[in-house]
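The values are calculated or read from the model by the stated rules, or taken from the named source; none is laboratory data. Model, not experiment: these values are computed from the prediction. Positions of Cβ are backbone-derived with ideal geometry, glycine not excepted, and every protein chain shown enters the neighbour counts. Heads up: the accessible areas ignore ligands, DNA and RNA and are worked out on the full protein's heavy atoms, side chains in. Shrake-Rupley method; radii C 1.70, N 1.55, O 1.52, S 1.80 Å.
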Amino acid sequence: MSELAIIFLGAPGAGKGTQAKVASSGKGIPQLSTGDMLRAAKAAGTPVGLKAREYMDSGKLVPDEVVIGVMAERLSSEDCAHGYILDGFPRTIAQADALDHMLAERKRALPRVIEIDVPDEVVVARLSGRRVCSNCGAIWHVESNPTKKPDVCDQCGKAGTLEQRADDKPDVIRKRLTVYHDQTRPLSAYYEERKRLTRINGNRVVEQVNADLMKALA
Ligand code: AP5
């Protein structure tokens, strides 16, 4: 069985998590979200979580060596043997170099890269209205993708679990966007030069973005 390895690039709120969940179930490969892993470590109070906390809460990137270590361990898991979707990693040139190095050492395929393009003003509106179910991880939006009842998750049926992420506050969103333009956006040119990049327009409804994504992966 050949390996299907994919990286989702894009600004905070571009829809990486939303699309990664659909692609993960459609393609039968795991979604590896560094944001989710770090939030879980933070909630559990592990050494990684304690280190990550101050960076995440202020919208800065967690240091490369911490995130690279987390990802190196996760990629060794059995469920990644036939492929995976990287959601939120790499986010710096150093992380991209480390990933390629790690995969080459393990004689594994280099992932294809899908960049989801969305203008900054759309990002701010999306993140301000995002709600995440603390029970099942489903991602909602108060306007563009609301649940049927305001406080009940349609995916798992639980009430009172829809939460706003700590970093989805206006000042932290602005900081995350600045960090994205300074440190992550250069990855677009990095992968384009290596002929691994496909760009899709993320500023359309979820289903249209997903249709383009599936076409790109076909
Ligand atoms: P992380 O959790 O990765 O956050 P992010 O990249 O900022 O991305 P988001 O999860 O905010 O957005 P998304 O693109 O997944 O959008 P979503 O699908 O949810 O990282 C958090 C923090 O962890 C970082 O700031 C950093 O501190 C640390 N970190 C993580 N990885 C790291 C790394 N590699 N290195 C260093 N530090 C790292 O959608 C957003 C909203 O829009 C939702 O409400 C959704 O319903 C809605 N929506 C989605 N698509 C559409 C659409 N097409 N139309 C309308 N609405 C839509």
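Which residues, taken from the range 186-218, are within 12 Å of the ligand (Cβ to nearest atom) and of a type in the set (Lys, Arg)?
204 - this is the single residue of the range 186-218 that is within 12 Å of the ligand (Cβ to nearest atom) and of a type in the set (Lys, Arg).
Is it the case that residue 4 is in contact with a strand residue (DSSP E or B) (Cβ under 8 Å, 6 or more places away or on another chain) and open to solvent by 20 Å² or more (accessible area, probe 1.4 Å)?
Criteria met by residue 4.
State all residues of the range 134-159 that are on the phi > 0 side of the Ramachandran plot and modelled with pLDDT of 95 or more; if no residue qualifies, say none.
157
Just give me the residues in the range 177-213 being touching a helix residue (DSSP H, G or I) at 6+ places or on another chain (Cβ under 8 Å), surrounded by 14 or more Cβ atoms within 10 Å (Cβ to Cβ) and in a helix (DSSP H, G or I), in sequence order.
Selection gives 177, 187, 190, 191, 206, 209, 210, 213.
Looking only at the range 45-67, decide whether some residue is within 11 Å of the ligand (Cβ to nearest atom), in contact with a strand residue (DSSP E or B) (Cβ under 7 Å, 6 or more places away or on another chain), in contact (Cβ under 8 Å) with a residue 12 or more places away in the chain and closer than 30 Å to residue 212 by Cβ.
Looking through the range 45-67, none of the residues is within 11 Å of the ligand (Cβ to nearest atom), in contact with a strand residue (DSSP E or B) (Cβ under 7 Å, 6 or more places away or on another chain), in contact (Cβ under 8 Å) with a residue 12 or more places away in the chain and closer than 30 Å to residue 212 by Cβ.
Kindly indicate the residue of the range 1-39 that is of a type in the set (A, V, I, L, M, F, W, C) and out of contact with any helix residue (DSSP H, G or I) (no Cβ under 9 Å at 6 or more places or on another chain) and also farthest from residue 174 (Cα to Cα) among those meeting that condition.
Restricting to residues being of a type in the set (A, V, I, L, M, F, W, C) and out of contact with any helix residue (DSSP H, G or I) (no Cβ under 9 Å at 6 or more places or on another chain), the top hit is 1.
Scan the range 151-174 and report the pairs whose first residue is closer than 15 Å to residue 135 by Cβ and whose second residue is among the polar types (S, T, N, Q) and open to solvent by less than 50 Å² (accessible area, probe 1.4 Å), with Cβ atoms within less than 7 Å and a gap of 6+ or a chain change.
153/147; 153/161; 154/147; 162/147
Regarding the range 148-165, can at least one residue be identified that is near the ligand (Cβ under 10 Å from one of its atoms), under 30 Å from residue 72 (Cβ atoms), open to solvent by 40 Å² or more (accessible area, probe 1.4 Å) and outside any loop (DSSP other than H, G, I, E, B)?
no
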